[in-house]
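What follows is one structure encoded as structure tokens, with my remarks underneath.
The values are calculated or read from the model by the stated rules, or taken from the named source; none is laboratory data. What you see is a predicted model, and the numbers here were worked out from it, not measured in a lab. In this analysis, Cβ positions are derived from the backbone assuming ideal geometry, glycine residues included, and neighbour counts consider all displayed protein chains.
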Amino acid sequence: MVKLSILFTLFIGIKNRDFVKGGKLLVATGIVIMIFGAVFHLQGQSIVGPESSFMYSNPDWITYGIQIIVIGITLLFAGISISRIKRK
């Protein structure tokens, strides 16, 4: 049975170290997206931001912020999983 990483190397030209770099990139991206989601959520709750913002005290942005945080968490765990799988 051929390992999946060998198939990627043969057909796409991706090496194992590129997967680890991609995992770190996903972790960093997930953290940044989570921070943005938290800011949007807090703006929707009237805790952060200027009162002139369209997000300020807007209940829609409370749920948008939560959804963005969930996307960030998903990317974070995907990056951690990729990094751990490729180290073994």
Residue check: is Gln67 at pLDDT 90 or above, more than 17 Å from the chain's Cα centre (by Cα) and among the polar types (S, T, N, Q)?
no
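Please specify each residue of the stretch 37-59 satisfying the condition of being in a helix (DSSP H, G or I) and surrounded by 15 or more Cβ atoms within 10 Å (Cβ to Cβ).
Applying the first criterion (in a helix (DSSP H, G or I)) to the stretch 37-59 yields 37-44, 59.
Passing the criteria: Gly37, Ala38, Val39, Phe40, His41, Leu42, Gln43, Gly44.
Out of the residues in the stretch 19-30 meeting the condition of being loosely packed, with under 15 Cβ neighbours inside 10 Å and not basic (Lys, Arg), tell me which one is modelled with the lowest pLDDT.
First, pick out the residues of the stretch 19-30 that are loosely packed, with under 15 Cβ neighbours inside 10 Å: 21, 24-25, 28.
Of the ones still in play, those that are also not basic (Lys, Arg) are 25, 28.
Details: Leu25: 90, Ala28: 93.
Going through the qualifying residues, I end up with Leu25.
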